[in-house]
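The values are calculated or read from the model by the stated rules, or taken from the named source; none is laboratory data. What you see is a predicted model; the values in this text were computed from it and never measured. Glycine also receives a Cβ, built like all others from the backbone with ideal geometry; neighbour counts cover every protein chain displayed. These accessible areas exclude ligands, DNA and RNA; they are computed on the full protein's heavy atoms, side chains included. Shrake-Rupley method; radii C 1.70, N 1.55, O 1.52, S 1.80 Å.
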Amino acid sequence: MVRCHEVTIDLFLLNRIMGYKLQVTDYNHSAKRMKPATFLIFCLVFFSLASFGQSKAKKDTTIILISDVTVQLETTDAMNNLYNFQFAEAERLFRGFKEKYRWHPLPYFLMGLAEWWKIMPNTKVTTYDEKFLAYMDSSILIAENLYDHYPEYKVEAAFFLAAAHGFKGELLADVERKNWMRAASEGKAALKYMEICREKNNLSPELLFGDALYNYFREWVPENYKSLKPIFWLFRHGDKQLGLKQLKEVSYNAFYTRTEAMVWLMRILAGYENDFQRAFQISEYLHQTYPDNPYFHRYYARMLYSLNMHPKMEEQSRQILQRIDSGRFGYEAVSGRYASFFLGQFNDSQRKLDDAIKYYSLCVKYSEEIGATDSGYYLYSLISLGEIYYQKKDKATAKRYFNLVKKKAGRKEEAYKDAKQRLKKLEKVD
């Protein structure tokens, strides 16, 4: 049970300022790969967040806070600090912004976004869930007040209602939270307000971000999850290439959604389009612009690894491990798993076997620490360790590692088949 004292104070003052009686309640925040049924729930939440930017209706000329240049200038430093993981300074600036605009959902949403990025380096950590959800709930309550009582803010309020419900749904649908029924409920609420946003399109290019994600994933999901294809007959057709073009446009021209668009574009290019060169360019820009962001840092190291840029990859991976050792905020086992695996592979290729053992073992340690023992980084670290010990004529240790792979991997996985073949090879030698 969570009662956010700060939210209670904010809403009390809002009541005094605007003359409306608002009720603050307690909020219950319950906090492998997705099976098709699970993925379907995720899609509902995803499209509730992504598709609220699909409007093609006439433009409303009402001046609204989110598109106000003065407000954007006021929040620039705070946004930069947020993405650079300087949260104390970002939150100090956001609090000042909130004092000025406490009647509006934007500052609460931005403070919730700060909590969201504290979660990003390791989504298994639930420490920040309650505060994130409380800020999103506060943004929702204030947006509902604007929506119900101030017609001139109706579209903007609907924007924040759709976004806040969508972000809540995305967190609750995460495989670590598994609160799928509540996630679906948040998605349904977001869809309701998305319809209002479709009526008018005065938030572009911010809303174009949602349309871009919709266009891409509307086609990608049924292509890659055949069992879900009939469900997508209910949605209008998308266009993957148009989605990529729109994401690029948002990354150039938007303010609030610019960095988020760049992150999605980078992930799509690397994970689904196999365009590692373009993904690398984005990752390099993000890391250089926000050098203390661990998520951007490890993605940059990953792109360096994928493009065989070994000297820079080694430098960045070592820096990641040093920052973990020094206790830098956001640098922890997930980033360590990436960096140590990359260094293990590099030293293995250089025939520096003792160093390779050191880093592969560190990858195993980090993977076990976060419960990621079904990941490729973990399984192939074990296989590599087994192979190195086989080369060192230590067959007993090699056999132990190969058997551990068989125990942890699924029977249909390539790692399982690889370990099984290596064990047969060892038996023949014996």
- Task: Return the total of residues in the range 201-249 being closer than 27 Å to Glu152 by Cβ and either open to solvent by 70 Å² or more (accessible area, probe 1.4 Å) or modelled with pLDDT of 80 or more (or both).
- Result: 1
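With respect to Phe276, is the statement that it is touching a Lys or Arg at 6+ places or on another chain (Cβ under 8 Å) and more than 30 Å from Val71 (Cα to Cα) true? Explain how you work it out, then say what you get.
On the way: touching a Lys or Arg at 6+ places or on another chain (Cβ under 8 Å): no; more than 30 Å from Val71 (Cα to Cα): yes.
No: the conditions fail for Phe276.
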- Task: Test each condition in (1) open to solvent by 30 Å² or more (accessible area, probe 1.4 Å); (2) among the aliphatic types (A, V, I, L, M); (3) in contact with a Ser or Thr (Cβ under 9 Å, 6 or more places away or on another chain) for Leu106 and report the one that comes out false.
- Result: (1)
- Task: Scan the range 147-166 for residues that are within 23 Å of Ala78 (Cβ to Cβ) and surrounded by fewer than 22 Cβ atoms within 10 Å (Cβ to Cβ) and report the count.
- Result: 1
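Could you pull out the residue among Ser340, Ser384, Ser375 that is hydroxyl-bearing (Ser, Thr, Tyr) and at pLDDT below 95?
Ser375 is the lone residue from the list that is hydroxyl-bearing (Ser, Thr, Tyr) and at pLDDT below 95.
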- Query: Which condition does Ala415 not pass, out of (1) closer than 30 Å to Lys124 by Cβ; (2) open to solvent by 20 Å² or more (accessible area, probe 1.4 Å); (3) within 34 Å of the chain's Cα centre (by Cα), if it passes all the others?
  - Reply: (2)
- Keeping to the range 89-129, report how many residues are among the acidic types (Asp, Glu) and in contact with a Phe, Trp or Tyr (Cβ under 7 Å, 6 or more places away or on another chain). 1
- Among (1) under 25 Å from Lys124 (Cα atoms); (2) in contact with a helix residue (DSSP H, G or I) (Cβ under 9 Å, 6 or more places away or on another chain) - the single one Asp355 does not satisfy: (1)
- Residue within the range 327-340 that is out of contact with any helix residue (DSSP H, G or I) (no Cβ under 9 Å at 6 or more places or on another chain) and basic (Lys, Arg) present: no
- Are any residues in the range 176-199 over 26 Å from Leu265 (Cα atoms), modelled with pLDDT under 70 and open to solvent by 50 Å² or more (accessible area, probe 1.4 Å), and if so, which ones? Glu199
